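Q: Mind looking over this structure? Questions follow.
The values are calculated or read from the model by the stated rules, or taken from the named source; none is laboratory data. Computed from a predicted model, the values in this text were never measured in an experiment. Don't worry about glycine lacking a Cβ; one is built from the backbone with ideal geometry, like all the others, and counts go over all protein chains shown. Protein only, heavy atoms only, side chains kept; ligands, DNA and RNA dropped before computing areas. Shrake-Rupley method; radii C 1.70, N 1.55, O 1.52, S 1.80 Å.
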Amino acid sequence: MEEVKVAKKRMLSGIQPSGDLHLGNYLGAMKNWIGLADEFDCFYFMADMHTITVRQNPADLRRRTLEQMAQYIACGLDPEKNVLFVQSHVHQHAELGWVLNCFTMFGELSRMTQFKDKSAKNAENINGGLFTYPSLMAADILLYQTDLIPVGHDQKQHCELTRDIAQRFNGIYGNVFKIPEPYIPKAGARIMSLNAPETKMSKSLPDGCVFLMEKPEDIQRKFKRAITDSDTENCVRFDPENKPGVSNLMNIYSAVTGRSFEQIESEFAGCGYGAFKPAVGEAVIETLRPIREEATRLLADKAYLEGVCRSGAEKASYVAEKTLRKVYKKVGFLPR
Ligand code: TRP
């Protein structure tokens with residue numbers, strides 16, 4: 001019987017190299033990406049162009065972009081199976097971004113909650129890029145005729161706008177862009193800050209945040225100081241409502257060991273928090289150790305990383321150029 005090959009759906013995600021990657025990024029997102037390459041045609045890029053909407057230190061941005069690439073590979077994202085690239089290496093992003101700016105309305109951009117939040121936080125630098133960021137994000141997505149965008153809640157509004165822009169453009173010029181769908185990934189763990197379990201783990205709360213490249217002894221110290229709950233029970237039990245600190249640690253432990261909450265409860269029955277916290281720390285250290293070591297090894301091999309970036313940019317650019325040519329033709333630009 002003849003084999004029918006069904007094309008894989010294309011998935012694309014951009015991540016800003018604006019801070020060091022941490023355990024929340026890893027357990028909440030990156031870890032789930034590894035298996036996706038079997039099912040989808042995956043593109044991941046370092047969204048460096050997006051990061052400069054907020055002032056960056058140039059040397060730090062360069063370092064973090066390369067480090068992030070190394071950490072993705074170290075986590076198991078195989079550059080042979082996924083297209084990994086740096087956004088600014090593929091000039092078509094900026095070019096389509098400009099065109100789409102002209103198909104995005106001032107009113108639409110004004111309604112973006114991320115713009116409102118970020119301009120409130122950076123009142124001294126409310127620049128045009130911060131405002132038109134969603135048009136560039138739409139370009140990132142539409143350039144690749146993307147089917148699926150795996151996004152968290154904070155990016156849903158930008159994905160909706162991307163669909164509106166694509167539909168508007170297609171309505172005028174015919175079917176140029178595929179209309180992408182948001183993809184809700186299989187529940188990644190939602191990791192909270194170790195010392196403020198009501199807020200998400202984030203680089204802006206460094207004491208409660210475990211970074212992927214952090215030294216084991218620093219990780220263990222953070223776990224030992226993790227806030228457990230002020231109940232008098234001193235008992236490892238999953239109850240996010242009344243015991244958010246302990247439940248967060250259980251969530252982390254479950255994500256890194258694969259054990260269920262019941263298994264964890266019986267494992268630590270009668271032990272109290274004093275024994276539980278360092279056990280979670282130890283499990284996290286062992287999970288991150290191979291990642292840190294592999295990332296360190298890759299970072300020492302600049303030629304290899306540059307090769308990955310170059311070949312990723314070539315693959316991406318090949319796809320992006322086809323879309324851009326079509327768009328330029330449709331809007332009436334004179335061919336070169
Ligand atoms: N805006 C996203 C964020 O801040 C990053 C991003 C840029 C992105 N372009 C994208 C995500 C395209 C998905 C698809 O997290």
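Q: Exactly one of (1) at pLDDT below 95; (2) at positive phi is unmet by residue 120. Its number?
A: Every condition holds for residue 120 apart from (2).
Q: Considering each residue of segment 48-58, count those that are in contact (Cβ under 8 Å) with a residue 40 or more places away in the chain and over 14 Å from residue 20 (Cα atoms), and give that number. I'd like the intermediate steps shown before the answer.
A: Taking segment 48-58 as the starting set, the residues that turn out to be in contact (Cβ under 8 Å) with a residue 40 or more places away in the chain are 48-50, 52-55.
Remaining after also requiring over 14 Å from residue 20 (Cα atoms): 49-50, 52-55.
Total meeting the criteria: 6.
Q: Within segment 22-47, track down each residue that is among the aliphatic types (A, V, I, L, M), out of contact with any strand residue (DSSP E or B) (no Cβ under 7 Å at 6 or more places or on another chain) and either free of Cβ contacts under 8 Å to residues at least 40 places away in the same chain or crowded, with 17+ Cβ neighbours inside 10 Å (or both). Show your work before the answer.
A: Kept after step one, since they are among the aliphatic types (A, V, I, L, M), are these residues of segment 22-47: 23, 27, 29-30, 34, 36-37, 46-47.
After this cut, where a residue has to be out of contact with any strand residue (DSSP E or B) (no Cβ under 7 Å at 6 or more places or on another chain) as well, the list is 23, 27, 29-30, 34, 37.
Correct list: 23, 27, 29, 30, 37.
Q: Can you find a residue in segment 283-294 that is surrounded by 15 or more Cβ atoms within 10 Å (Cβ to Cβ), among the charged types (D, E, K, R) and touching a residue at least 12 places away in the same chain (Cβ under 8 Å)?
A: Taking segment 283-294 first, the residues surrounded by 15 or more Cβ atoms within 10 Å (Cβ to Cβ) are 283-285, 287-288, 291-292, 294.
Next cut, among the charged types (D, E, K, R) only: 292, 294.
Subsequent filtering for residues that are touching a residue at least 12 places away in the same chain (Cβ under 8 Å) retains 292, 294.
The answer is yes; a qualifying residue exists.
Q: Check off (1) of a type in the set (Val, Ile, Thr); (2) within 13 Å of the ligand (Cβ to nearest atom); (3) within 14 Å of the chain's Cα centre (by Cα) for residue 52 and give me the number that stays unchecked.
A: For residue 52, the failing item is (3).
Q: I would also like to ask the following. Take the residues in segment 11-21 that are within 12 Å of the ligand (Cβ to nearest atom) and surrounded by fewer than 21 Cβ atoms within 10 Å (Cβ to Cβ); name whichever of them is nearest to residue 316 (Cα to Cα). Explain how you work it out, then say what you get.
A: Of the residues in segment 11-21, the ones within 12 Å of the ligand (Cβ to nearest atom) are 11-19.
Okay, now just the ones that are also surrounded by fewer than 21 Cβ atoms within 10 Å (Cβ to Cβ), so 15-16, 18-19.
Details: 15: 16, 16: 18, 18: 22, 19: 24 Å.
Result: 15.
Q: Residue 42 versus (1) more than 14 Å from the ligand (Cβ to nearest atom); (2) at pLDDT 95 or above; (3) not polar (S, T, N, Q): which is the lone unmet condition?
A: Tallying (1) more than 14 Å from the ligand (Cβ to nearest atom); (2) at pLDDT 95 or above; (3) not polar (S, T, N, Q), residue 42 fails exactly one: (1).
Q: When you go through (1) surrounded by 18 or more Cβ atoms within 10 Å (Cβ to Cβ); (2) under 16 Å from the mean Cα position of the chain (by Cα); (3) acidic (Asp, Glu) one by one for residue 147, which number turns out not to apply?
A: So residue 147 meets the others, but not (2).
Q: May I pose another question? Among residues belonging to segment 168-189 that are surrounded by fewer than 14 Cβ atoms within 10 Å (Cβ to Cβ) and away from the ligand (no atom under 13 Å from the Cβ), point out the one that is nearest to residue 35 (Cα to Cα). Full working, then the answer.
A: Going through segment 168-189, the residues surrounded by fewer than 14 Cβ atoms within 10 Å (Cβ to Cβ) turn out to be 171-172, 174-175, 181, 184, 186-187.
Keeping just the survivors that are away from the ligand (no atom under 13 Å from the Cβ) gives 171-172, 174-175, 184, 186-187.
Numbers: 171: 36, 172: 38, 174: 35, 175: 32, 184: 15, 186: 11, 187: 14 Å.
Out of the qualifying residues, it is 186.
Q: Of all residues in segment 150-190, which are acidic (Asp, Glu) and farther than 30 Å from residue 201 by Cα? Walk me through how you get there before you give the answer.
A: Initially, segment 150-190 is screened for residues acidic (Asp, Glu), giving 154, 160, 164, 181.
Across segment 150-190, the qualifying residue is only 164.
Q: For segment 193-210, what are the residues that are within 12 Å of residue 244 (Cβ to Cβ) and free of Cβ contacts under 8 Å to residues at least 12 places away in the same chain?
A: Within segment 193-210, just 199 meets the criteria.
Residue by residue, here is whether (1) within 29 Å of residue 63 (Cβ to Cβ); (2) outside any helix (DSSP H, G or I) holds:
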{"position": "230", "(1), (2)": "no, yes"}
{"position": "237", "(1), (2)": "no, yes"}
{"position": "242", "(1), (2)": "no, yes"}
{"position": "256", "(1), (2)": "yes, no"}
{"position": "259", "(1), (2)": "no, yes"}
{"position": "276", "(1), (2)": "no, no"}
{"position": "296", "(1), (2)": "yes, no"}
{"position": "304", "(1), (2)": "yes, no"}
{"position": "328", "(1), (2)": "no, no"}
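Q: Across segment 128-167, which residue is nearest to the ligand (Cβ to nearest atom) among those that are β-branched (Val, Ile, Thr) and assigned to a loop (DSSP other than H, G, I, E, B)?
A: Kept after step one, since they are β-branched (Val, Ile, Thr), are these residues of segment 128-167: 132, 141, 146, 149, 151, 162, 165.
From what's left, assigned to a loop (DSSP other than H, G, I, E, B): 146, 151.
On the way: 146: 8, 151: 6 Å.
In this case the residue turns out to be 151.
Residue-wise test of (1) touching a helix residue (DSSP H, G or I) at 6+ places or on another chain (Cβ under 9 Å); (2) under 30 Å from residue 102 (Cβ atoms).
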{"position": "248", "(1), (2)": "no, no"}
{"position": "257", "(1), (2)": "yes, no"}
{"position": "271", "(1), (2)": "yes, no"}
{"position": "295", "(1), (2)": "yes, no"}
{"position": "313", "(1), (2)": "yes, yes"}
{"position": "320", "(1), (2)": "yes, yes"}
{"position": "335", "(1), (2)": "yes, yes"}
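Q: On to the next question. Go through segment 215-228 and give me each residue that's outside any loop (DSSP other than H, G, I, E, B) and either open to solvent by 30 Å² or more (accessible area, probe 1.4 Å) or under 15 Å from residue 286 (Cβ atoms) (or both). Full working, then the answer.
A: First, the residues of segment 215-228 that are outside any loop (DSSP other than H, G, I, E, B): 216-224.
Within segment 215-228, 216, 217, 218, 219, 220, 221, 223, 224 qualify.
Q: Moving to a separate point now. Restricting attention to segment 295-330, and to residues there that are touching a strand residue (DSSP E or B) at 6+ places or on another chain (Cβ under 7 Å) and open to solvent by less than 50 Å² (accessible area, probe 1.4 Å), which single residue is nearest to residue 168 (Cα to Cα)? Steps first, answer last, please.
A: Filtering segment 295-330 down to residues touching a strand residue (DSSP E or B) at 6+ places or on another chain (Cβ under 7 Å) leaves 308-309, 312-313, 315-316.
Checking which are open to solvent by less than 50 Å² (accessible area, probe 1.4 Å) leaves us with 308-309, 312-313, 316.
Numbers: 308: 36, 309: 33, 312: 30, 313: 29, 316: 25 Å.
Among those that are touching a strand residue (DSSP E or B) at 6+ places or on another chain (Cβ under 7 Å) and open to solvent by less than 50 Å² (accessible area, probe 1.4 Å), it is 316.
Q: Output the residues belonging to segment 193-214 that are among the aliphatic types (A, V, I, L, M) and open to solvent by 30 Å² or more (accessible area, probe 1.4 Å).
A: First pass over segment 193-214, keeping only residues among the aliphatic types (A, V, I, L, M): 194, 196, 201, 205, 210, 212-213.
205, 213 - these are the residues of segment 193-214 that are among the aliphatic types (A, V, I, L, M) and open to solvent by 30 Å² or more (accessible area, probe 1.4 Å).
Q: Out of all the residues in segment 72-93, which are open to solvent by 10 Å² or more (accessible area, probe 1.4 Å) and either within 16 Å of the ligand (Cβ to nearest atom) or of a type outside the set (D, E, K, R) (or both)?
A: Looking only at segment 72-93, we keep the residues that are open to solvent by 10 Å² or more (accessible area, probe 1.4 Å), and these are 73-76, 78-81, 83, 88-89, 91.
Answer for segment 72-93, where residues must be open to solvent by 10 Å² or more (accessible area, probe 1.4 Å) and either within 16 Å of the ligand (Cβ to nearest atom) or of a type outside the set (D, E, K, R) (or both): 73, 74, 75, 76, 79, 83, 88, 89, 91.
Q: Please determine, by comparing only the residues of segment 113-127 that are small (Gly, Ala, Ser) and open to solvent by 50 Å² or more (accessible area, probe 1.4 Å), which one is nearest to the chain's Cα centre (by Cα). Explain how you work it out, then say what you get.
A: Within segment 113-127, the subset small (Gly, Ala, Ser) is 119-120, 123.
Those still in the list that are open to solvent by 50 Å² or more (accessible area, probe 1.4 Å) too: 120, 123.
Details: 120: 23, 123: 26 Å.
Step by step, filter segment 113-127, then rank; the result is 120.
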